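J.: What follows is a structure written as structure tokens; I'll ask about it next.
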Ligand SMILES: [Zn+2]
């Protein structure tokens with residue numbers, strides 16, 4: 001047993017927590033004649049890959065099989081931050097793992113002695129399980145994650161309603177008409193606002209955007225509509241097309257809450273960044289995005305027809321940042 005390897009498992013767990021995964025990390029270590037080396041790494045990826053099989057140990061074992069070129073992991077040990085479940089302790093048996101070193105105990109699902117002891121079952125191969133390695137650090141990882149999740153839930157008092165029906169899209173178009181005419185006069189001419197609302201935010205325009213993959217969400221609280229947002233997947237990221245809050249609801253943290261919702265959406269879908277464009281002269285909104293952690297990528301001028309252009313900055317938020 002070498003704590004250095006558990007430290008690497010902890011690092012992998014912390015990394016996946018930033019993507020919204022329950023923090024569990026694992027490494028497979030092989031004992032070579034000249035010393036021990038990590039041959040496989042894995043972290044919990046159930047949310048981002050949307051699979052019940054996304055456990056850290058399975059990923060680490062698969063990674064080790066790949067790097068060693070075979071399924072028999074001779075002279076290998078598994079280090080994992082949480083006591084393995086039935087599936088993963090079973091995988092340790094199948095991979096011929098010698099020792100399973102785990103950190104925190106899992107009283108509800110653990111098969112290294114908590115619910116059952118895999119090493120006591122009469123299988124052809126019996127890994128040796130050793131629990132409680134750097135237990136406090138490993139347990140604290142999970143406690144911290146769930147503490148923050150509870151805090152986040154408490155602070156999230158808005159509802160994000162996906163606009164799927166025609167009626168909901170009509171609601172969004174009414175919100176857009178109201179917000180755009182109130183918000184943009186200091187930046188755009190009245191003619192351009194009318195043109196853009198018609199071109200981008202009328203019901204038929206939004207309907208065709210939805211057909212192309214856009215999703216609209218109404219931001220609501222206690223049945224009252226506060227604003228709306230629209231997103232569309234692009235490459236391995238998310239394009240944040242719109243995020244507008246009605247005047248009387250600004251400065252109350254609702255944009256941040258909507259942004260937390262979008263970050264969660266990214267984590268669940270494995271998107272690596274959120275990209276947006278914002279009018280260069282829209283200083284208030286730029287300040288909001290910069291405060292949320294967006295970074296300036298470049299400027300961009302887009303011809304939108306009828307003699308109008310959009311003079312924008314492109315901002316990006318990196319999920320791993
Ligand atoms: Zn498992």
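The values are calculated or read from the model by the stated rules, or taken from the named source; none is laboratory data. All values derive from a computational prediction rather than experimental measurement. Glycine gets a Cβ as well: all are built from the backbone with ideal geometry, and neighbour counts include every protein chain shown.
J.: Please find, among 8, 47, 21, 14, the residue that is closer than 20 Å to residue 270 by Cβ, surrounded by 15 or more Cβ atoms within 10 Å (Cβ to Cβ) and more than 16 Å from the ligand (Cβ to nearest atom). Give the steps one after another, and end with the answer.
T.: Values: 8 fails: closer than 20 Å to residue 270 by Cβ; 47 fails: more than 16 Å from the ligand (Cβ to nearest atom); 21 fails: more than 16 Å from the ligand (Cβ to nearest atom).
Going through 8, 47, 21, 14 in turn, the sole match is 14.
J.: Sticking with this structure for a sec: For segment 293-313, name all the residues that are surrounded by 15 or more Cβ atoms within 10 Å (Cβ to Cβ), farther than 19 Å from residue 190 by Cα and touching a residue at least 24 places away in the same chain (Cβ under 8 Å).
T.: Within segment 293-313, just 313 meets the criteria.
J.: Something else about it: Quick check on my filter: what residues within segment 49-73 are farther than 18 Å from residue 11 by Cβ and within 17 Å of the chain's Cα centre (by Cα)? Spell out the reasoning first.
T.: So the first thing to find is which residues in segment 49-73 are farther than 18 Å from residue 11 by Cβ, and the list is 49-54, 58, 61-62, 65-73.
Residues satisfying the conditions are 49, 50, 51, 52, 54.
J.: Right, here's the next one. Restricting the search to segment 71-92, which residues are closer than 16 Å to residue 25 by Cβ and assigned to a helix (DSSP H, G or I)?
T.: Passing the criteria: 88, 91, 92.
J.: Still on this structure, I have one more. Looking only at strands (runs of 3 or more DSSP E) that lie completely in segment 203-250, which have at least 2 residues being over 15 Å from residue 171 (Cβ atoms)?
T.: Values: elements: 215-221, 224-234, 237-245.
Once the strands (runs of 3 or more DSSP E) in segment 203-250 are filtered for at least 2 residues that are over 15 Å from residue 171 (Cβ atoms), what remains is 224-234, 237-245.
J.: Can you tell me which residues in segment 55-85 are out of contact with any helix residue (DSSP H, G or I) (no Cβ under 8 Å at 6 or more places or on another chain) and within 16 Å of the ligand (Cβ to nearest atom)?
T.: Within segment 55-85, 59, 60, 62, 63, 64, 83, 85 qualify.
J.: Only one of these is more than 16 Å from the ligand (Cβ to nearest atom), part of a strand (DSSP E or B), surrounded by 15 or more Cβ atoms within 10 Å (Cβ to Cβ) and in contact (Cβ under 8 Å) with a residue 40 or more places away in the chain: 161, 133. Name it.
T.: Details: 133 fails: part of a strand (DSSP E or B).
After ruling out the rest, the residue left standing is 161.
J.: Let me ask something else. Quick one: which helices (runs of 4 or more DSSP H) sit completely within segment 1-70 and have at least 2 residues that are at pLDDT 95 or above and on the phi < 0 side of the Ramachandran plot?
T.: Working: elements: 3-17, 46-49, 56-68.
Because the criterion is at least 2 residues that are at pLDDT 95 or above and on the phi < 0 side of the Ramachandran plot, the helices (runs of 4 or more DSSP H) in segment 1-70 that meet it are 3-17, 56-68.
J.: Among the residues of segment 99-130, what is the count of those that are touching a residue at least 40 places away in the same chain (Cβ under 8 Å) and surrounded by fewer than 19 Cβ atoms within 10 Å (Cβ to Cβ)?
T.: Keep residues of segment 99-130 that are touching a residue at least 40 places away in the same chain (Cβ under 8 Å), which gives 99, 101, 103, 127, 129-130.
If we keep only those that are surrounded by fewer than 19 Cβ atoms within 10 Å (Cβ to Cβ) as well, we get 99, 130.
Adding up the residues that qualify gives 2.
J.: Additional query: Please specify each residue of segment 93-110 satisfying the condition of being within 16 Å of residue 127 (Cα to Cα) and either assigned to a loop (DSSP other than H, G, I, E, B) or within 10 Å of the ligand (Cβ to nearest atom) (or both).
T.: Result: 95, 96, 97, 98, 110.
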